[in-house]
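Working notes, beginning with the structure itself.
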Amino acid sequence: MADQAYSLYAIDANRKTTHLATFRAICGKYPHKTPKEILDDLVAASSSGDRGKWFAAAKSAGLYDEAVALANSAPCDPKTLIRAARDNVAVEPGFALEAGMAALRWMAAGYGYEIGMPDVRAAYDHTVAAARRLGCETGTADRIRKLAMEQPGGGNLVFVALGRSLGLVAK
C-alpha cells in the first residue's frame, strides 16, 4: 500500500519550510521511489511559476539536466544559481555553466532579492571558469553579450555590471 499512500498523501503530509526539505522528507519516507520520480511528481503538483523553486532539490539529487531545465522554466533565486555554479565548476562544469547563465538571465530580467554588482560579477566569473574548463569561452562570451544586450541600459544590472568587460560600453 506504499504506492497508494504515496499518491494520496506524500506531498501534502510532507510539506516543509523549503522545497528542498519537502523533497528530502518524501525521499526518506518512500525509498521505493526514485528521486527523479519524486521530483517529477512535486514539479507536476506545483504551479508553473513555482517550478524554479525545485532547482535545489534536483541539484542535491544529482539530477543536473532537470535542475537546469527547472532554472530555465521559471524564476529561480539568482543567488542559489550562483552558489550552484561556484560549487560545481570543477566537478560538473557543464552544469555550472548553465546555472551561471540562468543566474545572469534572471538578474538581467530583474529577479532576485538584494542583488548587486558583486552578484553579477560572481555569476559571470563562475560561468566563464566553467566555460574555460569546457573549452567554449568564445561561445559563452557571445551568449552573455547577447543576454546583456536584450535590455541594455540602467534597467539591466547585467549590462551595467558587465558592459565594459563585454565590450558593450566604451571604456
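Filter segment 118-150 down to residues that are in contact (Cβ under 8 Å) with a residue 40 or more places away in the chain and basic (Lys, Arg) and give me whichever is farthest from Val160 (Cα to Cα).
It comes out as Arg133.
Please go through segment 25-38 and give me each residue that is closer than 13 Å to Ser7 by Cα and within 21 Å of the chain's Cα centre (by Cα), ordered by number.
Glu37, Ile38
Kindly list, by first and then second residue, each pair from a residue in segment 86-98 that is within 13 Å of Lys59 (Cα to Cα) and open to solvent by 30 Å² or more (accessible area, probe 1.4 Å) to a residue that is outside any helix (DSSP H, G or I) and modelled with pLDDT of 95 or more, limited to pairs with Cβ atoms under 9 Å and residues at least 6 apart or on different chains.
From residues that are within 13 Å of Lys59 (Cα to Cα) and open to solvent by 30 Å² or more (accessible area, probe 1.4 Å), the pairs are Glu92/Gly62.
Tell me which residues, restricted to segment 42-69, are acidic (Asp, Glu), surrounded by fewer than 17 Cβ atoms within 10 Å (Cβ to Cβ) and at pLDDT 95 or above.
At the first step, the residues of segment 42-69 found to be acidic (Asp, Glu) are 50, 65-66.
When the remaining residues are screened for being surrounded by fewer than 17 Cβ atoms within 10 Å (Cβ to Cβ), the result is 50, 65.
The answer is Asp65, and nothing else.
Restricted to segment 6-21, and to residues that are open to solvent by 40 Å² or more (accessible area, probe 1.4 Å) and over 22 Å from the mean Cα position of the chain (by Cα), which residue is farthest from Asp40 (Cα to Cα)? Lay out the reasoning, then the answer.
At the first step, the residues of segment 6-21 found to be open to solvent by 40 Å² or more (accessible area, probe 1.4 Å) are 7-9, 12-13, 15-20.
Still in the running and over 22 Å from the mean Cα position of the chain (by Cα): 7-9, 12-13.
Details: Ser7: 13, Leu8: 16, Tyr9: 16, Asp12: 15, Ala13: 17 Å.
This residue is Ala13.
Within the set of pairs 6 or more residues apart or between chains, which connect a residue that is within 16 Å of Pro35 (Cα to Cα) and assigned to a helix (DSSP H, G or I) inside segment 1-23 to a residue that is open to solvent by 100 Å² or more (accessible area, probe 1.4 Å) and of a type outside the set (Asp, Glu) with Cβ atoms less than 8 Å apart?
What qualifies is Ala10/Lys29; His19/Lys53; Thr22/Arg15; Thr22/Lys16.
Residue by residue through segment 22-40, note down the ones that are surrounded by 14 or more Cβ atoms within 10 Å (Cβ to Cβ) and either farther than 16 Å from Lys59 by Cα or among the aliphatic types (A, V, I, L, M) (or both).
Once the filter is applied, which keeps residues that are surrounded by 14 or more Cβ atoms within 10 Å (Cβ to Cβ) and either farther than 16 Å from Lys59 by Cα or among the aliphatic types (A, V, I, L, M) (or both), segment 22-40 yields Ala25, Ile26, Lys29, Tyr30, Lys33, Ile38, Leu39.
I'm checking my understanding of the structure. Among residues of segment 96-132 that are outside any helix (DSSP H, G or I) and among the hydroxyl-bearing types (Ser, Thr, Tyr), which one is farthest from Phe159 (Cα to Cα)? First the steps, then the outcome.
Of all residues in segment 96-132, those outside any helix (DSSP H, G or I) come to 109-116.
Then keep just the ones that are among the hydroxyl-bearing types (Ser, Thr, Tyr); that gives 111, 113.
Details: Tyr111: 14, Tyr113: 18 Å.
Filtering segment 96-132 for residues that are outside any helix (DSSP H, G or I) and among the hydroxyl-bearing types (Ser, Thr, Tyr), the one farthest from Phe159 (Cα to Cα) comes out as Tyr113.
The values are calculated or read from the model by the stated rules, or taken from the named source; none is laboratory data. Just so you know, these numbers come straight off a predicted model, no measurement behind them. With ideal geometry, Cβ positions are generated from the backbone for all residues, glycine too; neighbour counts draw on all protein chains shown. These area figures cover heavy atoms from the full protein model, side chains too; ligands, DNA and RNA do not enter into them. Shrake-Rupley method; radii C 1.70, N 1.55, O 1.52, S 1.80 Å.
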